[in-house]
Amino acid sequence: MVQSEVKTDLASGLEVTSDVVAYDLSCKRLLAVKKVLARIMRRCLPEFRCFDVDTIAERCIEGTPRLEQVPVYPDETGAFLRGLGQERASPTEGSVLFDICFDAIVPDTAEVVRLIINVEAQAEFYPGYPLLKRGIYYCARLLSAQKETVFRKSHYERLRKVYSVWVCTDVPKYYRNTITAYSMAEENLVGDIHADKTDYDLLSVVMIGLGDPYNENCDGLIRFLSVLLSAKMSAEVKKRILRDEFECSMIDVDEGVLDMGSLGLALVKKSMQEGLEQGLEQGLEQGLERGRIEGRSEGLLDSIRNLMESMDWGITEAMNALRIPEDERQVYINKLSQSGM
């Protein structure tokens, strides 16, 4: 590759990365709107199911949800991190910012129940590790951060329940239109003992897999979020659907944040680039074992699979994107057919 081509590819990569980051930030800004958070809380968190959206937005969410703030390090002041907007970090650990984090209360109860809630916008479903494990880690961080902030010394009775909710915008077919919660549960192995649920029900991870907003099977909260975060719909179309179907006005949201259409191409390019990079990497490893030709074949096969799954493309579209020669295509069609795709 000549030097000019290298510079062009580098510039293109930087442009794609910049647009993807912009899309990611737009998602977070939209999810941080109180009435959007209220809808998520009402559908996904049992403590809020008996309240309407307005009540949750106005009475249950404390302060202003903060978005990607500078990390707050543990100290001995005991200052409560109201409206916490970042992951806690110790001096010996690298800091990783929460997308959105805030405190919430459950009103009209004998004792006010305080919760710490984290909401993450996740575009990459396969980042190299299970997202669920990362969600559990985030819950653990939110629990440990309460020492010397929510409670001091050994007053663990004051420990507050934490939630980590993951809104996954680009998921494989089997994960679309799903909401799944993972929590701690009691299991009697010997005997019949029942602890107070509030003593062990202290963390929960909720995974939301969005779908195609144009698909009839996409409804409820999933449709609401799929429309809101769509990179294919214009701001005007989003506003109309949110107003007519969900009685939700987004007039206070910046038009540029709501309209992500210009960033949709960047997401396609990113998926293609990742598929190509993964295919080349796997092709190299397999090429060392089986030879250059077979390695290239297997690498391209994985790239085709990645594009078909992540972009919901047919095999022809995926092969067109990868520029596979016509005389080689039947080989990949046969292999994919044998693997059940």
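The values are calculated or read from the model by the stated rules, or taken from the named source; none is laboratory data. Owing to the predicted nature of the structure, the values given are computational and were not obtained by experimental measurement. Please note: Cβ atoms are built from the backbone with ideal geometry, for glycine as well, and neighbour counts cover all protein chains shown. We work out accessible area using only protein heavy atoms, side chains counted, and drop any ligands, DNA or RNA first. Shrake-Rupley method; radii C 1.70, N 1.55, O 1.52, S 1.80 Å.
Simple rule: put +1 on each Lys or Arg Cβ and -1 on each Asp or Glu Cβ in region 153-198, find the dipole, and look at Thr169, Val190, Tyr156; the Cα lying farthest toward the positive end is Thr169.
Take the Cα of Asn217, step 7 Å toward its Cβ, do the same at Lys153, and the gap between the two points is 5.7 nm. The stretch between Thr178 and Val237 holds 18.9 nm of extra length on full extension. This uses 0.36 nm per residue minus the Cα-Cα distance. Residues of region 44-65 with amide nitrogen under 14 Å from the 7 Å Cα-to-Cβ point of Ile105? What the label zone holds, given the 14 Å backbone N cut-off, is 56-64. Within the assembled protein chains, the solvent-accessible surface assigned to Cys139 is about 0 Å², based on a 1.4 Å probe. Taking all protein chains together and a 1.4 Å probe, the residues Asp219, Asp212, Asp108, Asp103 rank Asp108, Asp219, Asp212, Asp103 from largest to smallest accessible area.
Length available on full extension from Ile136 to Val21: 0.36 nm per residue minus the Cα-Cα distance, which gives 39.0 nm. Each residue was assigned an accessible area with a 1.4 Å probe, and for Arg39 the value is about 50 Å².
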